[in-house]
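Asks: Sharing a structure below in structure tokens format, with a few things to ask.
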Amino acid sequence: MLNRQGRPTQGSVSAHEPHATFTGNRALQQIEPLIFEIGHPETTGVDIDAPAPFNSRLGSHARQGEIGLPGLSEPETMRHYVRLSQKNYGIDTGLFPLGSCTMKHNARLNEKTARMPGFSDVHPLQPVSTVPGALEVMLELSRYLMTLTGMPAVALSPKAGAHGEACGMMAIKAAIAAKGEGATRNVVLVPVSRGRGRQGAARARHRRDHADQPQHLRHLRA
């Protein structure tokens, strides 16, 4: 029975034909159920002492029943999250053909720098007086960007590609309006493959035209 699983040993069976397995797993990619499907409330991987007597200040907001979270033993917990991590898709495991610019272009050195405590431990709501180093880096980056682009100011508030594209479309619209051309220059050519571009154009109240095929220069001028 076991000899018929996995790699075929019979000459009449092609090595390229798929073979069923006992578990349904394929190589190292194991089927991993949801944690709610494998955990049980009565199971725990840690021992926590009962709390000392105290007076609850929750009043009527205090939970009356069990919370119902799944419990796993320590080995089960480790295996569950390790298997999930093996399903992650990243630059080390494959190609990013479109989008995800941060993941495509951030070098390992930049990733290591971003994890430095001075950056990773900063909280958005902590006092400004406690983050002079982070502010200095942001100001220096702003000066670099203004020098490279010739712009009078820059914004570091956009959080991601889609956010940045929307802000860029709004800036372009404001620049066109400042030149008095807002009534005539209100069309944006967006390739169908670029979903975020269409969203940014819509946000800036531009009319979107899809550009699936190469456009002749005279058509763009018209």
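Asks: Name the single residue that is nearest to Ser157 (Cα to Cα) among those in the range 121-137 being loosely packed, with under 12 Cβ neighbours inside 10 Å and within 23 Å of the chain's Cα centre (by Cα).
Replies: Filtering the range 121-137 for residues that are loosely packed, with under 12 Cβ neighbours inside 10 Å and within 23 Å of the chain's Cα centre (by Cα), the one nearest to Ser157 (Cα to Cα) comes out as Pro124.
Asks: Count, please, the residues in the range 48-90 that happen to be more than 12 Å from Ile35 (Cα to Cα) and touching a residue at least 40 places away in the same chain (Cβ under 8 Å).
Replies: Number of matching residues: 2.
Asks: Return the total of residues in the range 82-120 being modelled with pLDDT of 80 or more, within 22 Å of Lys159 (Cα to Cα) and more than 16 Å from the chain's Cα centre (by Cα).
Replies: Final tally of qualifying residues: 8.
The values are calculated or read from the model by the stated rules, or taken from the named source; none is laboratory data. Since this is a predicted model, take the numbers as computed values, not measurements. FYI the Cβ positions are ideal-geometry reconstructions off the backbone, even for glycines, and counts take in every protein chain you see.
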